[in-house]
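Student: Here it is, the structure, as structure tokens.
Every number in this text was worked out from the coordinates using simple rules, so none of it is lab data. If you're wondering where the values come from, they're calculated on a predicted model, not measured in any experiment. Here the Cβ positions follow ideal geometry from the backbone for every residue, glycine too, while neighbour counts run over all protein chains shown.
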Amino acid sequence: GVRVGILALQGDVREHDRLLAQLGAEVTTVRRPDELAAVDALVIPGGESTVIDRLAHLAGLREPLREAIAGGMPVLGTCAGLILLAERLQDGVPGQQTLGGLDVTVRRNAFGRQAESFETDLVVPALQGPPVRAAFIRAPLIEELGPSAELLAALPDGRAVAARQGRVLGLAFHPESTGETRFHALFLQLAQER
Ligand code: GLN
């Protein structure tokens with residue numbers, strides 16, 4: 001079967017773990033390069049992208065992660081995970097780096113203080129069934145999609161909140177905290193196809 005890793009440096013690792021196990025995946029945590037080398041696909045959870053980036057640097061994981069993603073490893077990034085997948089970042093802290101893999105410009109904390117958290121329904125044409133109930137928690141926004149990325153979901157006002165490039169999926173919101181399983185199922189399907 002497919003071995004799915006969750007980057008477990010900081011953030012909501014447990015929610016993804018539970019959801020993926022519920023979908024029948026074999027799940028392990030990834031904190032070191034040798035653990036990354038042992039998985040076929042990776043989830044980068046929500047949390048704080050500046051902290052995850054710094055801990056990835058300390059763990060010697062930045063380059064192995066970049067190489068794995070560039071090499072075609074299926075990746076699902078949510079919220080901070082989307083930030084880490086962005087090729088271009090706005091409103092990062094000094095020295096903050098991203099891993100790339102998704103040809104988008106992402107702005108951190110784009111919804112400001114007054115709207116730090118909200119839930120909304122999103123129409124996601126790539127998924128069958130009802131709209132996605134999505135939780136935005138100090139969420140980033142996709143300011144611009146480059147030619148290699150395709151839009152997966154937008155807010156009703158048109159602002160982009162999810163994108164895909166090949167086997168890389170990036171979501172500004174948290175599907176795992178509202179019981180939404182279809183993005184994880186799509187991710188597992190991409191991992192199995194590989
Ligand atoms: N604001 C966080 C960051 O910059 C992301 C928030 C989240 O992952 N829920 O990484």
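Student: What 222 nm value per residue comes from the helices of the chain, counting each DSSP H run with n ≥ 4 as -39,500 (n - 2.57) and dividing by all residues, nearest 500 deg cm²/dmol?
Tutor: Rounded to the nearest 500, the figure is -7500 deg cm²/dmol.
Student: Please identify which residues in the stretch 130-164 have an amide N closer than 13 Å to a label point set 7 Å out from the Cα of Ala70, following the Cα→Cβ vector.
Tutor: Under cut-off, by backbone N: nothing.
Student: Given R₀ = 22 Å, what would the calculated FRET efficiency be for Asp91 paired with Glu63, taking r from the Cβ atoms and rounding to 0.05?
Tutor: Efficiency at R0 = 22 Å is approximately 0.35.
Student: Rank-order 164-171, 52-59 by packing density, defined as the average count of other C-beta atoms within 10 Å over each peptide's residues, highest first.
Tutor: In descending order of packing, they fall as 164-171, 52-59.
Student: Quote the relative contact order of the stretch 86-194 in percent (integer), defining contacts as alpha-carbon pairs under 8 Å separated by 6+ residues.
Tutor: 23
Student: Still on this model: How high is the relative contact order of the stretch 3-193, given as a whole-number percent (alpha carbon pairs under 8 Å, six or more residues apart)?
Tutor: Rounded, it is 19 percent for the stretch 3-193.
Student: Give me the number: length gained by fully extending Glu48 to Ala185, i.e. 0.36 nm times residue separation minus the C-alpha to C-alpha distance, one decimal in nm.
Tutor: That works out to 46.9 nm of additional length.
Student: Let me ask something else. Can you give me the C-alpha center-to-center distance between the stretch 55-130 and the stretch 1-44, rounded to a whole angstrom?
Tutor: Comparing the Cα centres of the stretch 55-130 and the stretch 1-44, I get a distance of 16 Å.
Student: Running a GNM on the chain with Cα contacts under 10 Å, which residue among Leu61, Leu84, Leu141 ends up with the highest mean-square fluctuation?
Tutor: Leu61
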